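In what follows, a single structure is set out as structure tokens and then discussed.
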Amino acid sequence: QGTGEAAGAAGDGTTKTVVMIVKQSDPWFDDMALGIEQLKKDTGMNVYVQVPASGDPSLQISIMENLIAQNVDAICIVPNDPKSLIPTIKKARDAGIIVVTHEAPDIAEYVDLDIEAFKGEEFGALFGEALGKALGGKGQYAGFVGGLTMTTHMEWYAAATQKIASDYPGMQNISKEPYEDSNSIDTAYSKTVEILKAYPNIKGFFDCSAHGVGISQALKDKGRTDLKVVSLAVPSMSSNYIKDGSMSTGFAWRPADAGYATAAAALMLINQETIGTGTDLHATGYENVTREGNIAYGFAPLEFTPENVDNYNF
Amino acid sequence: MLKRHNGITNTEMALFAIILIYSIVVGVVNSGFFNIDTQFDIIRSSSYVMVLAMGLLVVMLSGGIDISFMAMALFGSYTATKILVSTGSSSILLAFAISMGVGIGLGIINALLVSWLRLPPFIITLGTSNLFHGVMATFIGAKTYGGGRLPPSYSNFGSSTLFKVHTDIGDVGLSTSILFVLGAVLLTYFLIYRTTVGRGIVALGNSEEATKRIGYKPLLLRIVAYGYMGLLAGCAGMIYVCQVNAVYPDKMVGNELMVVAGVIIGGVSISGGKGRILGALLGIFIIYLLNSTLIFLGLTSSWNQLFVGAILIISVAVTSYQEKKKNQKHLIFNASI
Amino acid sequence: MNEEPLLEFKKINKYFTGVHALKNIDFRLDRGSVHCLAGENGSGKSTLVKIASGVYTPTNGTISLHGTTYEKLNPGIAMSQGVHVIYQDLSLFEHMSLAENIAISKIHRDEKFVRKSHIMAIAEKQISKIGVDLDLHATVRESSMGNRQIAAICRALAMDAKILFMDEPTTALTRQEVDRLLDIVVDLKRSGLSIVFISHKLDEILQVSDIITVFRDGNKVGDFPAGEMTAKKLSFYMTGKDVAYPKYQNSETKRQALLQVRNLKANKLSDISLDVNKGDIVGVVGLLGSGRSEFALSLFGLNPAKSGTITLNGRECTIANAQVAKEYGIALLPEDRSTQGLFLQKTVCENISSAMIDTLAEKRGFFDWRKERKIAEEGVKSMNIKTPSIATLIENLSGGNQQKAAIAKWIRTNPTILIMDSPTVGIDIGSKAEIYHVIQNLAGSGIGIILISDEVEEILTNCNKVVVFSNGKVSKTLSTSELHEAGIEKRLQELISLGARRKQYAEKA
Amino acid sequence: MRYEKKTFEKNPTSLSCVAILLLVVFAIVFGRAMYSGRNLSSMAFQMPEFGFVTLGMMLAFLLGGIDLSIIANANLSGILAAHVLTGQWLPFIPEGMKIPVAIIGAILVSAALGSFNGLLITRFGAPSLIATLGTMTLYAGIGMAITGGKSIVGFPEAFTKIGIASIAGVPIIFIMFIIVAFLMGLFLERSRLGRKIYLCGESPVASLFSGIHNDRIIFIVFTMIGVLAGLSGLTIISRVNSAKVGYGDAYLLQSLIVCVIGGINPLGGRGRTIGIVIAVILMQMLSSSFTIMQLSPYATKMIWGLMLVVVMGLTRESDRIRRVFRRISEKVGIAKKRKDC
Ligand SMILES: Nc1ncnc2c1ncn2[C@@H]1O[C@H](COP(=O)(O)OP(=O)(O)OP(=O)(O)O)[C@@H](O)[C@H]1O
Ligand SMILES: Nc1ncnc2c1ncn2[C@@H]1O[C@H](COP(=O)(O)OP(=O)(O)OP(=O)(O)O)[C@@H](O)[C@H]1O
Ligand SMILES: [Mg+2]
Ligand SMILES: [Mg+2]
């Protein structure tokens, strides 16, 4: 759970409303909602989550428009398509609403603050490093993202392939573009099966979406557990695969902490506290953030191992 | 001079031709396509949709349509999983039974609404699809069950095979799910060709008034047809869940129209009373074939949809044009747009 | 006659919202007889059938069947008591084979499971019983109207029918097929069945029935033994007045050609040539499937010609679609009134204006409501359409009035050529007379008319020229003088059935 | 199966009754939260992009067809316009001309995409349901191939202004929507082509036999749907300042629901534009109220489904309900009279 004690107690004593808009309903954002609830308990402020029905960016915009009309104090958002939100964010800020984003570094200049669990390229490089190590620096590999439209995934993908290209020159990416798993396990599964056929010499995969378990499952079914998989991972879905080794490494950051930190930052901004390098957002990994421009980076990557994966509950 | 029923229809011939030509093209580009495991993999990934297609075929023969099957499949498999997880049971049979039972119940709701409202079932089941999904997530649960929380029998079943062959690219196995497809095909064949009720369903799709006049009860026939759809949806939902080894509260729904497209491409009439099992299977097969051969053709993800859309339009155009020419020859004028 | 009747109605009344469809009807049906019901459109014949088959429940009165008295029946009881109905629309299943159409009721009643061999056995037994030859594998869609009719009869026989109601079974048949059907009816009667036969064609009624019950406006006029009845008397009982069909003569002295068709070839047609002069009513006869409707559709642009020429008012023209046809002044009153001719769920007004929307514009280009209403009102008046108002939905009108509205729709466009495909099918003799009157007046005013009909009498009454079709070709053209010869009726029948024989040869070969 | 078309006849009036009732309920339950100037204007900003789509769907419904490709069309033409606006395509166009070229280009492209649907339906005889299902995939696929799925950003300032500007507090795009809806209503009910659309939708066969050029009408209507999709696409990209595949996918099913609620008969030939305008407004108010109530997305989905079923049920039973009401009011009337005596 969120670790901090009361973050940013209300300056003037009135109850502030902070709304977190997540991308969609799934275990990841369910966990994030836990963080938000924790913050609500810790501060007594009106902090709650709004969940769009699907990943369609228009739904986030429409929720945001409605919230602007309701005159809330701050909106936190994990954008599906950051750029499409820019005009609405402008509108919100013109109306005096604080806007804090998470996972949207590329539109940081338009918001009050963007909170990142880490620098994208650093996180992406972890994938590359892990896969490189697992393969011993040799062989063909393929990379997946959830969707080509997902900026963060694309950033990690780029960083990972770059890392491999520079540190493990013996490895070849089989495709110029990442494969899409459409954020679904069965797509990851069937794409993997096809790749196995089209590129029989492939040695490893990495997936920037949490659906890499589909790859592991496919390899298990094909009896190809000699291949390596590195993926973003959610313990509730991936623990089995991490424990039996069909997924070599799982990476993540804790959504509850990220949600807590993002909303806590929004509360601090409402109270006109400044957030700079060294500020404590009262969540694990965000005790000592680094501020660069409008982005506050924590350092909160998680690496799951067969030993530690059961300690997490999201 | 007259076509007999057990022959093969023009539409099916056209589909075979498309599949053949396409397969040759893919095979020339990448000979890996002709490996037996490619077929096995298409069978595995399409099997739950094939099962759904059989249910949809029966509903469409009755002169209706049902686009709530994904919601029913989700509702059934989610409920079953939730019950299994909370009781600690790991019986896959129980899960199937619950899922199919729920499916039948929801299917009957569809049947009652369609009979009562007398509006196009497309719109009605669009409503119930939203309704079912909403009710499930609001009242039953909206949490995801990942592989770590599911009974191991799920993944054991999902990755079980009838037999395995070891090849240089790995083990190749024919998924057990093919038994379900075969079962659904046989059951559907039996239902629509060998039972009086089934003939009544086909008759209903031809003419409701005439069916009433020879003593059938349309409501009953609809309950059988939509209930059967629900039953197969429940079954398909479990197949999917086991193969994926995870239960999400929001997967499956949203893919309905592709299945409908497949069945219609297979020559099943949207106005009812006409359609064959083989056609429906071929239609679905084409869509899966397209979706799962892109990598063979070396296409990257961003070309995926463009490609599938283009082929889809070609097959729609070819099959519709055949029908149109036939109608023109017999001077039958199209009564729907 | 003191034998107990099979079916007896006592003091039956039936009200629909606002309509008193049957008024105190007594009716009895004896074993082994053919009982005809006659009466104008809407006089309550079909309602009586539906009460006997349990589809409608009478408002009051009793029904006895085989000696048991019922307040009301339901289709289940009626069927189990051997009451079967062949409805006007036949109630067949389009995409199913004839065999299955025949067997389905019996199988539904007796079995849970279906075997193809069983279906064939049932169907074969029935067709051999009535001694006809059918392609049992053909779907209904692929079968001719006559064969469909026979399949419907076989279906009822397969159910061990004791009482068979046939609601206008002959409307879509030509003379040959009608004769075949009437023969079957007589055979069935001999084998002990009782048959209730409804038709608007008096000659058929007189030919086949033992007893005739006449209805007028929901009242029973009386039961009459067929032997004592003549066509003239019957039509008087039905309408309350003497109905006489005026015989048409072309009074145009100059022969001004309106339409010349030469060597027309199209889908199902070949080598058609035909002339329509000013004031002509050209009759087109032939068997079902002889291509008459296809020819009509060709002229109207819905079955475009592949070769040959069509000359209208001296100008050669290509008719590629219905809109062009309309512009050239060709109008078609289609065969199927309810789906092709009318928008059943639109108002009388919208229906009448539907063929001339393009001309209904006011100065600013908007649709002209006032003009539309005026046209519709004129149409209703000139055609004598009985309707509460022009805002009534057309499906609420009687068949005859619907047909008059369909004619009004085309007359308002001032056509040069009006093609009428079976304009009096299912229409009572009163309305028929009115429609004949209209047809002849139109011809008199200079419109060329092509009249497609299965009734020789209708053709002889209205036409001054006749073309006989067979197998998609013109097999014979009869001039005005030939039509005045004695014995022409018989000769025309023969000409038509010649086609039948030729067709049989062609099919055998 | 024979569907009942007649039941839809009186829908606009009963719909307006429901609408007024809901307005009152909203006023009581949410009070200022719903009727604050801010909320009203926020709703007015959100409505047009969805409204255009729904007007398009209405046209398809009037013909007894359906168009599933509207959203994909809107996004594709938006993407093309975006390429022009950002100067990625046709860079030689002078700065001042970019906006008009983009707008006209987008409308032309969307019309072409719409008419391609028309072509499939008329030339190849494909049922609109599957023809547009195919083009939906194709158009989204073209958009995907062009953009690789990324958003296109960086439009000229003046263009984004269109999406956020208002006159006297009323958003320009909302005014545009009302104008388009008004013209559409006028077109459908007062023009000759409009009348033909109703007839063709009622019964394509009878309309063919009335010498109405069905194919031409279907083609024109689907082209018009395309234009409306284009308008929607332009509204979207100007409002969100970016263009992307998949934006507004959720509108597709919603527009079907709104058409039914707005009294457009899916079997063709029935329904009025005013019904759609009322239904679009209702839909927007409902979705605002869902946000105010913090409903989960699934609850929202459930309510939409329930509403669709209930509206269809009410329409189906409208005659019976009316009769019950009459009986009740008669009884009340009699009771009153007795009291008077
Ligand atoms: N279901 C119904 N609802 C309301 N009125 C009806 C219904 N069925 C028939 N009627 C009315 O009852 C009357 C008798 O109709 P019926 O169909 O029995 O006439 P008919 O003698 O069979 O005429 P036709 O020769 O045209 O077949 C008509 O006025 C008709 O409009
Ligand atoms: N083999 C067939 N397949 C499909 N429809 C058919 C077939 N034969 C006939 N029909 C249709 O059935 C209807 C009745 O056809 P039929 O051939 O008996 O008469 P027709 O074509 O109208 O000719 P005519 O007017 O000369 O009697 C027509 O609409 C025709 O198009
Ligand atoms: Mg009748
Ligand atoms: Mg004919």
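The values are calculated or read from the model by the stated rules, or taken from the named source; none is laboratory data. Just so we're clear, the structure is a prediction, and the values are computed from it rather than from any experiment. Please note: Cβ atoms are built from the backbone with ideal geometry, for glycine as well, and neighbour counts cover all protein chains shown.
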Within segment C:276-315, which residues are farther than 17 Å from C:T477 by Cβ, charged (D, E, K, R), touching a Lys or Arg at 6+ places or on another chain (Cβ under 9 Å) and more than 16 Å from ligand 4 (Cβ to nearest atom)? C:K278, C:K306
Say whether the condition of being away from ligand 3 (no atom under 16 Å from the Cβ), in a helix (DSSP H, G or I), surrounded by fewer than 24 Cβ atoms within 10 Å (Cβ to Cβ) and of a type in the set (K, R) is met by at least one residue in segment C:133-153. yes
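Residue-by-condition table, conditions (1) modelled with pLDDT of 90 or more; (2) over 29 Å from the mean Cα position of the chain (by Cα); (3) under 18 Å from C:I163 (Cα atoms):
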position	(1), (2), (3)
C:I12	yes, no, no
C:F16	no, no, no
C:S46	no, no, yes
C:T57	no, no, no
C:Q81	no, yes, yes
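So how many residues does segment A:285-311 have that are of a type in the set (S, T, Y) and surrounded by fewer than 19 Cβ atoms within 10 Å (Cβ to Cβ)? Give the derivation first.
Of segment A:285-311, the ones of a type in the set (S, T, Y) are A:286, A:290, A:297, A:305.
Filter again for surrounded by fewer than 19 Cβ atoms within 10 Å (Cβ to Cβ), leaving A:290, A:305.
The total comes to 2.
Quick one: is D:I142 within 14 Å of chain B (Cβ to nearest Cβ), touching a residue at least 12 places away in the same chain (Cβ under 8 Å), surrounded by fewer than 24 Cβ atoms within 10 Å (Cβ to Cβ) and under 30 Å from B:A310 (Cα atoms)?
On the way: within 14 Å of chain B (Cβ to nearest Cβ): yes; touching a residue at least 12 places away in the same chain (Cβ under 8 Å): yes; surrounded by fewer than 24 Cβ atoms within 10 Å (Cβ to Cβ): yes; under 30 Å from B:A310 (Cα atoms): yes.
Criteria met by D:I142.
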Breaking point among (1) more than 14 Å from chain D (Cβ to nearest Cβ); (2) away from ligand 2 (no atom under 16 Å from the Cβ), for C:A320: (1)
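Would you confirm whether or not segment C:377-387 contains a residue that is within 16 Å of ligand 3 (Cβ to nearest atom) and either more than 25 Å from C:A244 (Cα to Cα) or surrounded by fewer than 23 Cβ atoms within 10 Å (Cβ to Cβ) (or both)? Reasoning before the result, please.
First, the residues of segment C:377-387 that are within 16 Å of ligand 3 (Cβ to nearest atom): none.
For segment C:377-387, residues within 16 Å of ligand 3 (Cβ to nearest atom) and either more than 25 Å from C:A244 (Cα to Cα) or surrounded by fewer than 23 Cβ atoms within 10 Å (Cβ to Cβ) (or both): absent.
Listed here are the residues, each with its yes/no results for (1) of a type in the set (G, A, S); (2) more than 23 Å from B:L257 (Cα to Cα); (3) away from chain A (no Cβ under 14 Å); (4) buried (at least 24 other Cβ atoms within 10 Å of the Cβ).
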site	(1), (2), (3), (4)
D:G226	yes, no, yes, yes
D:V240	no, yes, no, yes
D:Y247	no, no, no, yes
D:G268	yes, no, yes, yes
For the condition in contact (Cβ under 8 Å) with a residue 12 or more places away in the chain, small (G, A, S) and out of contact with any Asp or Glu (no Cβ under 7 Å at 6 or more places or on another chain), what is the one hit in A:A265, A:A256, A:A283? A:A265
Among residues of segment C:447-474 being touching a Lys or Arg at 6+ places or on another chain (Cβ under 6 Å) and within 14 Å of C:I488 (Cα to Cα), the residue nearest to ligand 2 (Cβ to nearest atom) is C:V468
So which residues in segment A:25-50 are under 16 Å from the mean Cα position of the chain (by Cα), facing another protein chain (nearest Cβ under 9 Å) and over 15 Å from A:W253 (Cβ atoms)? A:S25, A:D26, A:D30
Tell me yes or no: at least one residue of segment D:61-79 is out of contact with any Ser or Thr (no Cβ under 9 Å at 6 or more places or on another chain), surrounded by fewer than 24 Cβ atoms within 10 Å (Cβ to Cβ), assigned to a helix (DSSP H, G or I) and among the hydrophobic types (A, V, I, L, M, F, W, C). no
Can you pull out the residues in segment C:2-51 that are within 12 Å of C:K220 (Cβ to Cβ) and within 9 Å of ligand 1 (Cβ to nearest atom)? C:L22, C:L37, C:G39, C:S43, C:G44, C:K45, C:L48
Restricting attention to segment C:198-247, which residues are within 16 Å of ligand 3 (Cβ to nearest atom), in a helix (DSSP H, G or I) and of a type in the set (V, I, T)? C:I205
State the number of residues belonging to segment C:22-58 that are assigned to a loop (DSSP other than H, G, I, E, B), more than 16 Å from ligand 3 (Cβ to nearest atom) and away from chain B (no Cβ under 14 Å). 6
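Identify all residues within segment B:100-130 that are among the aliphatic types (A, V, I, L, M), within 14 Å of chain D (Cβ to nearest Cβ) and in contact (Cβ under 8 Å) with a residue 40 or more places away in the chain; write none if there are none.
Residues of segment B:100-130 that are among the aliphatic types (A, V, I, L, M), as a first pass: B:100, B:102, B:104, B:106, B:108-109, B:111-114, B:117, B:119, B:123-124, B:126.
Retained after the next criterion (residues that are within 14 Å of chain D (Cβ to nearest Cβ)): B:106, B:109, B:111-114, B:117, B:119, B:123-124, B:126.
Passing the criteria: B:L106, B:A111, B:L112, B:V114, B:L126.
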Test set (1) in contact (Cβ under 8 Å) with a residue 12 or more places away in the chain; (2) away from ligand 1 (no atom under 16 Å from the Cβ); (3) within 14 Å of chain B (Cβ to nearest Cβ) - C:F113 fails condition number: (1)
Could you check segment D:199-224 and list, in sequence order, the residues that are more than 8 Å from chain C (Cβ to nearest Cβ) and not charged (D, E, K, R)? D:C200, D:G201, D:P204, D:N214, D:I217, D:I218, D:F219, D:I220, D:V221, D:F222, D:T223, D:M224
Is it the case that segment C:430-444 has a residue that's more than 16 Å from ligand 1 (Cβ to nearest atom), of a type in the set (G, A, S) and closer than 25 Å to C:T311 by Cα? yes
Checked against (1) outside any loop (DSSP other than H, G, I, E, B); (2) touching a residue at least 60 places away in the same chain (Cβ under 8 Å); (3) farther than 24 Å from B:T144 by Cα, A:S166 satisfies every condition except (2)
What pairs can you find where one residue is in segment C:281-303 and under 17 Å from C:I449 (Cβ atoms) and touching a residue at least 40 places away in the same chain (Cβ under 8 Å), the other is of a type in the set (S, T, Y) and away from ligand 3 (no atom under 16 Å from the Cβ), and their Cβ atoms are less than 8 Å apart, with a gap of 6+ or different chains? C:I281/C:Y248; C:G283/C:S453; C:V284/C:S453; C:V285/C:S453
C:H35 - would you say it is away from ligand 2 (no atom under 16 Å from the Cβ) and closer than 29 Å to C:V243 by Cβ? yes
Please determine, by comparing only the residues of segment D:170-194 that are within 8 Å of another protein chain (Cβ to nearest Cβ) and either of a type in the set (G, A, S) or in contact with an Asp or Glu (Cβ under 8 Å, 6 or more places away or on another chain) (or both), which one is surrounded by the most Cβ atoms within 10 Å (Cβ to Cβ). D:G194
For C:K326, work out the one condition from (1) in contact with a helix residue (DSSP H, G or I) (Cβ under 7 Å, 6 or more places away or on another chain); (2) buried (at least 16 other Cβ atoms within 10 Å of the Cβ); (3) outside any strand (DSSP E or B); (4) within 14 Å of another protein chain (Cβ to nearest Cβ) it doesn't fulfil. (1)
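State the number of residues belonging to segment B:266-281 that are of a type in the set (A, V, I, L, M) and facing another protein chain (nearest Cβ under 7 Å).
Our first condition is that a residue be of a type in the set (A, V, I, L, M); within segment B:266-281, this holds for B:268, B:270, B:277-278, B:280-281.
Those still in the list that are facing another protein chain (nearest Cβ under 7 Å) too: B:270.
Total meeting the criteria: 1.
Which of the residues spanning segment B:282-323 are more than 11 Å from chain D (Cβ to nearest Cβ) and closer than 19 Å to D:L133 by Cβ?
The answer is B:L282, B:I284, B:F285, B:I286, B:Y288, B:L289.
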